[in-house]
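First up is the structure itself, then whatever we jot down about it.
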Amino acid sequence: MPMMEWPSPERKNLERLRAGDLEGLKWIFETFSDRLINQCYRILLSREQAEDVVQDLFVRLPAMVGEFRGESALGTWLYRVAHNMCLTRLQQAGNRRRLEEANFAGDEAAPRDAYETTDLLGKALAGLDPETRSLLWLKEGEGVPLKELSGIFNLPEGTLKSRLSRARDRVREFLEKEERVGKV
Amino acid sequence: MEKFENLFREAERIRPPAGLWETIAARAGLATQGDAPKPGAESGWGWKLAASLAVGIGVLAALLVVLKPAPRVAEGAGGAEDFAVARVEASPLPDEDDLYWHADLGEESGMDWGEDAFLLDPVAAESE
């Protein structure tokens with residue numbers, strides 16, 4: 001796969017980072033940290049944990065940047081790194097049980113007070129597994145195209161479409177339930 | 001469908017906390033282009049030159065050890081063989097009179113010459 005033609009500032013600052021220049025890292029932080037912290041927030045459902053992951057990501061980025069082969073956009077790669085770091089964090093925190101048992105079915109959704117979910121979306125996402133939360137947020141919240149999502153999740157677009165469809169259905173069911181009890 | 005779309009449109013978006021960049025910058029261990037090199041940091045050609053000099057000195061030292069002439073006896077020899085050679089070389093040549101004196105008495109010489117050049121066959125020596 002030929003290397004993509006990056007926008008000039010992205011390429012320039014990536015090269016600066018590779019050369020150990022802090023200004024390169026700063027540009028990447030200023031450009032992507034907002035999106036990354038929100039992605040992490042929607043996966044981890046915790047502001048504090050999202051901040052930790054983003055801090056870790058950027059501290060380690062100078063060492064990791066050598067692994068970036070330029071086959072995708074830098075933002076796509078960063079989304080993928082953040083996604084993987086969040087899942088690792090959840091596993092390390094012993095939340096594997098939640099990954100297996102998270103079953104969006106009305107009252108049996110994952111306990112919402114286990115997370116810092118302050119908005120309705122957070123409550124809706126709490127009933128999904130972390131991977132699906134990440135997928136749904138990136139697609140609906142950040143508008144990431146399906147082709148890019150395929151690179152982030154390393155899954156075919158068809159598979160992602162199916163997962164997104166199921167996730168949307170579940171969120172709509174949640175909203176209808178909330179509306180019935182007068183919370184929406 | 002509208003409620004679903006509004007859910008994301010109205011979703012809370014958090015911002016990186018104040019000071020996060022400063023924390024990252026302190027921990028990342030990078031320098032800006034205008035900064036002076038940090039102590040101990042690699043400075044490219046300087047380190048290469050020092051490394052080359054160290055290697056060169058090491059090679060030179062190794063060559064000197066290999067090519068160093070065998071030490072003189074007065075300086076002390078190392079191995080047993082060297083010591084034996086040094087002992088023989090350092091021993092003064094016996095006086096011929098001393099040799100014959102021992103022979104007359106029937107005593108064996110205190111020196112163990114073995115079959116060496118000092119006990120020359122007088123006939124063979126004359127014929128050379």
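Read the figures in this text as sums done on the coordinates, not as results from a lab. What you are looking at is a predicted structure, and each value in this text was computed from that prediction instead of being measured. Counting neighbours? That spans all protein chains shown, and the Cβs are built from the backbone with ideal geometry, glycine included.
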Step through the residues of segment B:5-18 one at a time and calculate ³J(HN,Hα) from phi using the Karplus curve (6.51 cos²θ - 1.76 cosθ + 1.60, θ = phi - 60°), rounding each to whole Hz and writing x for Gly and Pro.
5, 5, 3, 7, 5, 9, 5, 5, 10, 8, 10, x, x, 4
Using 7 Å Cα-to-Cβ label points, what is the B:Leu63/A:Ser8 separation (nm, one decimal)?
5.4
For A:58-68, what's the mean count of beta carbons from other chains sitting within 10 Å of each residue's beta carbon?
2
J(HN,Hα) series, segment A:168-178, from Karplus relation 6.51 cos²θ - 1.76 cosθ + 1.60, nearest Hz, glycine and proline x:
4, 4, 5, 5, 5, 4, 4, 4, 5, 5, 4
How far apart, in nm, are two points set 7 Å out from the Cα along the Cα-to-Cβ line at A:Asp56 and at A:Arg166?
2.7
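Please give the average number of partner chain Cβ atoms lying within 10 Å of the Cβ of each residue in A:71-84, rounded to a whole number.
On the way: counts 0, 0, 0, 0, 0, 0, 0, 0, 0, 0, 0, 0, 0, 0.
Counting Cβ atoms of other protein chains within 10 Å of each residue's Cβ and averaging gives 0.
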